[in-house]
Amino acid sequence: LARTVELSFRKERKETTIDDIQKVGKEIAINDTDELLIKKIQKGIKKDFFASFAEGTGTAAGTDLQSVLADIWGELQVVYEDEDITPIYMVSSKDVSDYLKTAQISMQNAFGFSYVEDFLGLGTVLVSPALTKGTVYGTAKENIKGIFAPASSGDVGSTVGLTSDSTGLIGMKHYVDNTTANPGTLVLSAVKFYCELLDGVIKGTIS
């Protein structure tokens, strides 16, 4: 056992005044701000996900994005020599914008992630502004693990009375503060993505 990954609940809460509801209506005062809160939490989950790759111990280098990705691909073939893997790479949106100055790519979106399938024939590339320009990460899709506590089921969800978002990863509950009469929103999430083998994560540097 190299390390232990701990899963804990992240708790967020917001309140809306009844004056705001009277002024702009429930849809804007509660529902629209709920959506913004969910997006903020999802952004935090993605940021932590990308930050986890910095723990990787493999290295690669190159003079541009294409050469770095090629070097990472080569390192992955060595690390996973006896395994059938699917390479995946994490790239800063700024490095992708530099690449777009001389070439065209087709970007897709899913679950809030921007990605390019079969980029340069090397594998899937996830693109994010949360990553540092000049630093590229690569690993096997099979090396990425995810753990979470169900949002609406299980002891916590049933005890608190949560309903889940579309992903089933984030739980939400509405309540009214009987002291202030202000409606509140409580959001709980316990989600963590990580790489199981740290030597199976290659950090590439564009020089």
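Quick notes on this structure:
- Subset of region 195-207 that is of a type outside the set (Asp, Glu) and open to solvent by 30 Å² or more (accessible area, probe 1.4 Å) - its residue that is nearest to residue 150 (Cα to Cα): 197
- The set of residues from region 165-202 being farther than 26 Å from residue 20 by Cβ and either charged (D, E, K, R) or more than 16 Å from the chain's Cα centre (by Cα) (or both) comprises 192, 196, 197, 198, 199, 200, 201, 202.
- Among the candidates 158, 152, the residue that is surrounded by fewer than 14 Cβ atoms within 10 Å (Cβ to Cβ) and farther than 18 Å from residue 43 by Cα is uniquely 158.
- Candidates in region 90-113 are the residues that are small (Gly, Ala, Ser) and under 21 Å from residue 206 (Cα atoms); of these, the one that is least open to solvent (accessible area, probe 1.4 Å) is 92.
- Matching residues, region 16-32, being in contact (Cβ under 8 Å) with a residue 24 or more places away in the chain and surrounded by 15 or more Cβ atoms within 10 Å (Cβ to Cβ): 16, 21, 30
- For region 68-89, the set of residues classified as assigned to a helix (DSSP H, G or I) and open to solvent by 40 Å² or more (accessible area, probe 1.4 Å) consists of 70, 71, 73, 75, 77, 78, 79, listed by residue number.
- Residues in region 90-137 that are part of a loop (DSSP other than H, G, I, E, B) and β-branched (Val, Ile, Thr): 102, 105, 132.
Yes or no, residue by residue, for (1) farther than 26 Å from residue 132 by Cα; (2) in contact with a Leu (Cβ under 6 Å, 6 or more places away or on another chain); (3) of a type in the set (Val, Ile, Thr):
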| site | (1), (2), (3) |
| --- | --- |
| 1 | yes, no, no |
| 19 | yes, no, no |
| 33 | yes, no, yes |
| 73 | no, yes, no |
| 81 | yes, no, no |
| 88 | no, no, yes |
| 108 | no, no, no |
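- Hits in region 148-196 - residues which are farther than 21 Å from residue 32 by Cα and touching a residue at least 60 places away in the same chain (Cβ under 8 Å): 148, 149, 156, 180, 190, 191, 192, 193, 194, 195
- In region 161-194, the residues that are closer than 26 Å to residue 53 by Cα and either touching a Leu at 6+ places or on another chain (Cβ under 9 Å) or crowded, with 19+ Cβ neighbours inside 10 Å (or both): 169, 170, 188, 189, 190, 191, 192
- Screening 111, 148, 193, 119 for residues that are of a type outside the set (Ser, Thr, Tyr), under 30 Å from residue 84 (Cβ atoms) and at pLDDT below 90 leaves exactly one candidate, 111.
- Pair list, Cβ < 6 Å and 6+ apart or interchain, from region 1-15 residues that are at pLDDT 90 or above to residues that are aliphatic (A, V, I, L, M) and open to solvent by 100 Å² or more (accessible area, probe 1.4 Å): none
The values are calculated or read from the model by the stated rules, or taken from the named source; none is laboratory data. Just so we're clear, the structure is a prediction, and the values are computed from it rather than from any experiment. So basically every Cβ, Gly included, is an ideal-geometry build from the backbone, and we count neighbours across all protein chains shown. With ligands, DNA and RNA removed, areas are computed over all heavy atoms of the protein, side chains included. Shrake-Rupley method; radii C 1.70, N 1.55, O 1.52, S 1.80 Å.
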